[in-house]
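Single-structure report; data block below.
The values are calculated or read from the model by the stated rules, or taken from the named source; none is laboratory data. Because the structure is predicted, anything quoted here is derived from the model rather than measured. A quick note on method: Cβ atoms are made from the backbone with ideal geometry, for glycine too, and the neighbour counts reach across all protein chains shown. Surface accessibility is based on the protein's heavy atoms, side chains included, excluding ligands, DNA and RNA. Shrake-Rupley method; radii C 1.70, N 1.55, O 1.52, S 1.80 Å.
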Amino acid sequence: MRYHIGDLDHQKLRDLYTGMLKPRMIEEKMLILLRQGKISKWFSGIGQEAISVGVTQALKKEEYILPMHRNLGVFTSRNIPLHRLFAQWQGKQSGFTQGRDRSFHFGTQEYRIVGMISHLGPQLGVADGIALADLLGRKKRVTAVFTGEGATSEGDFHEALNIASVWSLPVLFCIENNGYGLSTPTNEQYNCENLADRAKGYGMESRIIDGNNILEVYTKVDELCKAMRKRPRPMLLEFKTFRMRGHEEASGTKYVPEKLMSKWAKQDPIANYEAFLLEEGVISQEEIDNIKAEISEEINENLKMAFDEPPVSFNETKELKEVYQEFDYQHIEPKENSENIRFVDAISQGLEQSMFRHNELIIMGQDIADYGGVFKITEGFTAKFGKSRVRNTPICESGIVSTAMGLSINGMKSVVEMQFADFVSSGFNPIVNYLAKVHYRWNEKADVVIRMPCGGGLGAGPFHSQTNEAWFTKTPGLKVVYPAFPADAKGLLNTAINDPNPVLFFEHKGLYRSIYGDVPKDYYTLPFGKANLLRKGASISIVTYGAGVHWASEVLEKHPNIEADLVDLRTLQPLDMDTVYTSVKKTGKLIILQEDTLFGGIASDISAMVMEECFRYLDAPIKRVGSLETPVPFAKELEENYLPKQRFESALLNLYAY
Ligand SMILES: Cc1ncc(C[n+]2csc(CCOP(=O)(O)OP(=O)(O)O)c2C)c(N)n1
Ligand SMILES: [Mg+2]
């Protein structure tokens, strides 16, 4: 291995050595503990330390870094107290997730580290968002993100690189090519010579770096970071290295040819560098021994602290509470001066007034800039807020939701417009795994609103008509809003944007231009978790939301003799069950109407909860009405019969007569 000192002084040369030694010695200790059954899983980065340490030391401490599962050297280079790391691995309170997540699955704002989720790929888009926030804030900072070569096969990798290139984001994409993804060798993973070559296809620069040579890693990354801070742009780095141990310790390395192993063993980043430093007289054997003794003592002391800490205790209230970031709702009363506008205008107005109110808010979506979005909700916005805050995105929902997550981590708010709610399936993973879980895991907020133009009745077929709220009401950590009237839509959207938690905001397309209402002109907010009792009647309770509210109202107009409570839920998470219980206790009969197919929808849960809470008040079985258990059909005749409106009318009459 050839080392070029360049203009690095002795202190720096020694820092790089100590920097690599620490994670190596921690790992060696962990392997012993693993054999003694004192810790569980371990993902080893032995042999790859030069990458984590070289990259982290080249960054400034205020610059974010997003490591993966083999990057212990990132954490140690940011000087995290070791007892906290050990406590994290043991699931203890003084770790970073209070026992809620394992190993390196955590982040810490204090050390500007954003840890991975198991799904690997979303990490890359999160780096885009962090870098975008820095870019918009003119901070002249670089964000570094790691991936293994295996995870470069994920769509998220391609989406993140493309976004970074199109938006000139200063992201250092670091591929650690260690020869294997679990048991899969590189030739079964991709079919090009160097992964760095892919950069050309995204219109970005790249470098191939010897990942086992600490001086090469540090000097090249340092030079590139300086250039990227000056002229923001992404960079793809392929570090050639090798995974010297099993994917995780227990799985072994049987499938790795011995020749390959011994070839790479000779290129150990620490042994070679140590020999070089000794030869150059930069360090003496005595100094090395002292450094090792110091690190060893630090490890042992900190391990003792972690082992001495008692296991975490369970407190149900606390567990449930910390799924969400606390939100101090500020009620801003609607003023008198209203105008009669459409549902679509009310959303546009809420969005516009929120943009004026929050300088840190940006909107992202397909065709939303000058074109104004397919439903024209952001028409005219670029003239008012500029294209840096109203951003057209490439077609890559997963990458953009991850970017929104990164913006939030770096202090911004965002609204992401799904062109149609159906397309959220392409961004599903970061929503349910990253945004939803991040507060519970490491106390970080996901200040993101995802706007969801949804619903049927427009002859738009199976891929432009779904109302998929049940995909999200199922997942703890998300809030789900589903207004039925223009004034509610505006006030609830404003609240969604103020709320630091991730909110799925459903907007029924069928209501956009058909429903008018008086909407206060000025900015105002409405609280989540408060249903609206639209009509009062003593004999039956109708609970619904979205388009269902209008269908139920029409049916009630047709049958003025039916004395019904009509409850518009308005938000599904949080869900106002008190209003439902109060109504059912009064009427003794409940019918729940949802537009979604019936099975597994929210109507079923409401029914179950009412059964548990109000059984002795019920005079009849609870009735649920929803769409047919088929995809949403296109032809008018089929769709009319798919949707539950007609079935609702007969079900209501039946239950009323029960
Ligand atoms: C979406 C997803 N699919 C599969 C896995 C299981 N898995 C975890 S790590 C891994 C291999 C990753 O290989 P690579 O990206 O090369 O990283 P390395 O472990 O070599 O550092 C696999 C298959 C996962 N965590 N997430
Ligand atoms: Mg790999």
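Considering only residues that are under 19 Å from the mean Cα position of the chain (by Cα) and within 16 Å of ligand 1 (Cβ to nearest atom), look in the range 161-177 and name the one that is surrounded by the most Cβ atoms within 10 Å (Cβ to Cβ).
Applying the filter and picking the extreme gives Phe173.
Considering only the range 65-86, how many residues are surrounded by fewer than 24 Cβ atoms within 10 Å (Cβ to Cβ) and either of a type in the set (Phe, Trp, Tyr) or over 11 Å from Phe106 (Cβ atoms) (or both)?
Total meeting the criteria: 7.
Identify, by number, the condition in (1) modelled with pLDDT of 95 or more; (2) within 16 Å of ligand 2 (Cβ to nearest atom) that Lys259 doesn't meet.
The one condition Lys259 does not meet is (2).
Looking at the range 141-158, can you tell me whether even one residue there is over 22 Å from Gly115 (Cα atoms), away from ligand 1 (no atom under 15 Å from the Cβ) and either modelled with pLDDT of 95 or more or surrounded by fewer than 24 Cβ atoms within 10 Å (Cβ to Cβ) (or both)?
no
Go through (1) over 16 Å from Ile431 (Cα atoms); (2) within 16 Å of the chain's Cα centre (by Cα); (3) within 16 Å of ligand 1 (Cβ to nearest atom) and name the single condition Leu124 misses.
With respect to (1) over 16 Å from Ile431 (Cα atoms); (2) within 16 Å of the chain's Cα centre (by Cα); (3) within 16 Å of ligand 1 (Cβ to nearest atom), Leu124 is out only on (1).
Determine the pairs where a residue that is part of a loop (DSSP other than H, G, I, E, B) and within 16 Å of ligand 2 (Cβ to nearest atom), located within the range 132-156, has a partner that is aliphatic (A, V, I, L, M) and open to solvent by less than 30 Å² (accessible area, probe 1.4 Å) with Cβ atoms under 7 Å apart, the partner being 6 or more residues away or on another chain.
Going by the 7 Å Cβ cut-off, the qualifying pairs are Glu149/Ile175; Glu149/Leu195.
Which of the residues spanning the range 405-460 are part of a strand (DSSP E or B) and within 10 Å of the chain's Cα centre (by Cα)?
Val448
Which numbered condition trips up Gly179, out of (1) within 16 Å of ligand 2 (Cβ to nearest atom); (2) on the phi < 0 side of the Ramachandran plot?
Checking Gly179 against (1) within 16 Å of ligand 2 (Cβ to nearest atom); (2) on the phi < 0 side of the Ramachandran plot, the one that fails is (2).
If you scan the range 391-416, which residues turn out to be open to solvent by less than 10 Å² (accessible area, probe 1.4 Å) and away from ligand 1 (no atom under 16 Å from the Cβ)?
Result: Cys396, Ile400, Thr403, Ala404, Met405, Gly406, Leu407, Ser408, Ile409, Ser414, Val415, Val416.
Could we say that Ile117 is farther than 29 Å from Leu21 by Cβ, within 14 Å of ligand 1 (Cβ to nearest atom), in contact (Cβ under 8 Å) with a residue 24 or more places away in the chain and among the aliphatic types (A, V, I, L, M) here?
yes
What is the residue count in the range 554-570 for residues that are closer than 22 Å to Asp596 by Cβ and open to solvent by 60 Å² or more (accessible area, probe 1.4 Å)?
So the count comes out to 1.
Go through (1) open to solvent by 80 Å² or more (accessible area, probe 1.4 Å); (2) at pLDDT below 95 and name the single condition Pro334 misses.
Failed condition: (1).
Listed residues Gln594, Gln573; which is touching a helix residue (DSSP H, G or I) at 6+ places or on another chain (Cβ under 6 Å) and either open to solvent by less than 30 Å² (accessible area, probe 1.4 Å) or aliphatic (A, V, I, L, M) (or both)?
Gln594
Test Arg24 against the criterion of being touching a strand residue (DSSP E or B) at 6+ places or on another chain (Cβ under 9 Å) and either part of a helix (DSSP H, G or I) or surrounded by 17 or more Cβ atoms within 10 Å (Cβ to Cβ) (or both), and give yes or no.
So Arg24 does not fit the description; no.
Go through Arg102, Arg84 for me and flag whichever is within 16 Å of ligand 1 (Cβ to nearest atom) and either assigned to a helix (DSSP H, G or I) or more than 30 Å from Lys230 (Cβ to Cβ) (or both).
Result: Arg102 is the single residue among Arg102, Arg84 that is within 16 Å of ligand 1 (Cβ to nearest atom) and either assigned to a helix (DSSP H, G or I) or more than 30 Å from Lys230 (Cβ to Cβ) (or both).
Is it the case that some residue within the range 179-188 is assigned to a strand (DSSP E or B), touching a helix residue (DSSP H, G or I) at 6+ places or on another chain (Cβ under 6 Å) and surrounded by 19 or more Cβ atoms within 10 Å (Cβ to Cβ)?
Yes, the range 179-188 contains a residue that is assigned to a strand (DSSP E or B), touching a helix residue (DSSP H, G or I) at 6+ places or on another chain (Cβ under 6 Å) and surrounded by 19 or more Cβ atoms within 10 Å (Cβ to Cβ).
Write out, first by first residue and then by second, each pair whose Cβ atoms fall under 8 Å of each other, whose residues are 6+ apart or on separate chains, and whose first residue, in the range 403-415, is within 10 Å of Val126 (Cβ to Cβ) while the second is at pLDDT below 95.
From the range 403-415, no pairs qualify.
Looking at (1) in contact with a Lys or Arg (Cβ under 9 Å, 6 or more places away or on another chain); (2) farther than 30 Å from Ile209 by Cα; (3) open to solvent by less than 70 Å² (accessible area, probe 1.4 Å), which is the only condition Pro310 fails?
Evaluating Pro310 over (1) in contact with a Lys or Arg (Cβ under 9 Å, 6 or more places away or on another chain); (2) farther than 30 Å from Ile209 by Cα; (3) open to solvent by less than 70 Å² (accessible area, probe 1.4 Å) leaves (3) as the failure.
Being under 25 Å from Ala58 (Cβ atoms), more than 13 Å from ligand 1 (Cβ to nearest atom), of a type in the set (D, E, K, R) and not in a helix (DSSP H, G or I): is that true of Arg198 here?
Judged against the criteria, Arg198 is not a match.
Which of the residues belonging to the range 189-199 are of a type in the set (A, V, I, L, M, F, W, C) and surrounded by fewer than 20 Cβ atoms within 10 Å (Cβ to Cβ)?
Once the filter is applied, which keeps residues that are of a type in the set (A, V, I, L, M, F, W, C) and surrounded by fewer than 20 Cβ atoms within 10 Å (Cβ to Cβ), the range 189-199 yields only Cys192.
Working only within the range 225-268, note down all residues that are surrounded by 20 or more Cβ atoms within 10 Å (Cβ to Cβ) and either part of a helix (DSSP H, G or I) or without any contact (Cβ under 8 Å) to a residue 24 or more places away in the chain (or both).
Cys225, Met228
Name every residue in the range 603-618 that is open to solvent by less than 30 Å² (accessible area, probe 1.4 Å) and under 11 Å from Met577 (Cβ atoms), in order of residue number.
Within the range 603-618, Ile606, Val610, Cys614 qualify.
When residues of the range 188-217 are filtered for being within 14 Å of ligand 2 (Cβ to nearest atom) and either small (Gly, Ala, Ser) or farther than 22 Å from Gln267 by Cα (or both), how many remain?
4
Quick one: in the range 31-49, which of the residues that are away from ligand 2 (no atom under 16 Å from the Cβ) and assigned to a helix (DSSP H, G or I) is nearest to Gly19 (Cα to Cα)?
Result: Leu31.
Filter the range 271-303 down to residues that are aliphatic (A, V, I, L, M) and open to solvent by less than 20 Å² (accessible area, probe 1.4 Å) and give me whichever is farthest from Ala50 (Cα to Cα).
If we take residues in the range 271-303 being aliphatic (A, V, I, L, M) and open to solvent by less than 20 Å² (accessible area, probe 1.4 Å), then Leu303 is farthest from Ala50 (Cα to Cα).
What pairs come up if the first residue lies in the range 434-457 and is closer than 30 Å to Lys318 by Cβ, the second is among the acidic types (Asp, Glu), and their beta carbons are under 6 Å apart, counting only those six or more places apart or on different chains?
Every condition considered, the pairs that remain are Val438/Glu444; Tyr440/Glu322; Arg441/Asp101.
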